[in-house]
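Please treat every number below as a calculation from the coordinates, not as lab data. Remember, it's a predicted structure, so these values are computed and weren't measured experimentally. Because the Cβ atoms are built from the backbone with ideal geometry, glycine has one as well, and the counts that use them run over all protein chains shown.
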Amino acid sequence: MMLKHIIRTSFMALVGAAIVTSCDTSPDHPGYIYFPDMTYSQAYETMTPNELLADSQTQQLAVYGAIPRGFQPFHYENNITDYARSAEELTNPIEASEETIEEGKYFYDIYCAICHGEGGEGNGHIVELEKFPAPPSYFNDYMLALEDGKMFFSIHYGKGLMGSYASQLTQEERWKVITYINHLQDEYVGADAEEAPADTTESTEAAAEAEATAMIN
Ligand code: HEC
């Protein structure tokens, strides 16, 4: 009788303990595991320590000098020496064709026309609203003589009041925009040869000003 009582009491205690410990209201612990291999991963978790590696961290930094796939490094510092170097070393790899000019125009209209103007005369929308000082026209002497490499450099780093477009335009897209600007300039020069523009004072002034800024930068 005594033994029976002990067995019954211990059984009840066991069931009671099982009920108490198994009852978890958290939805994160439903009490069953579908994929034990995933729940108890054999692989190291990203943020955990790792005794196999020299710095004891599972998450390793990229190897020094590594670049993301498809990314092209730009080996120029933002200074006047490298600005000058860009003019000598960088050439536009894009061949001007109807298609590449059209693609360049597409990006130009999105990113540049707002200041430089749709036609490139420095009279973009925000300039007309008097929210921003006019950038130099692409058709003044300074801009007509500006090398493609320097244009690329300035699009990469920005210049004066103009910000950098390195994060908006890939290198290829930048060259296409330059192809389009050259196309506008060629058209202008062609038109210029036929009929000389009446007033060049403004563009000469802008050229002098742009050159002065180039010296400061
Ligand atoms: C917010 C207005 C603004 C936008 C947008 C802008 N620019 Fe400019 N840009 C300027 C100004 C202002 C200058 C004159 C900078 C200076 O010389 O101080 C300039 C100068 C330039 C120059 C001459 C750089 C040099 O080396 O002298 C080029 C080329 C140029 N921009 C191209 C572009 C292209 C291409 C885009 C679009 C991807 C663009 N800009 C977008 C305002 C802008």
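Side notes on the structure shown:
- One decimal place: the segment T48-D192 gains 45.0 nm when fully extended, by the rule 0.36 nm per residue minus the C-alpha distance.
- Label point at I110 placed 7 Å out along Cα→Cβ; residues across the range 116-132 whose backbone nitrogen lies under 20 Å: 116-120, 124-126
- Peptides 65-75, 104-114, 79-89 ranked from most to least packed give 104-114, 79-89, 65-75, packing being the mean of other C-beta atoms within 10 angstrom over each peptide's residues.
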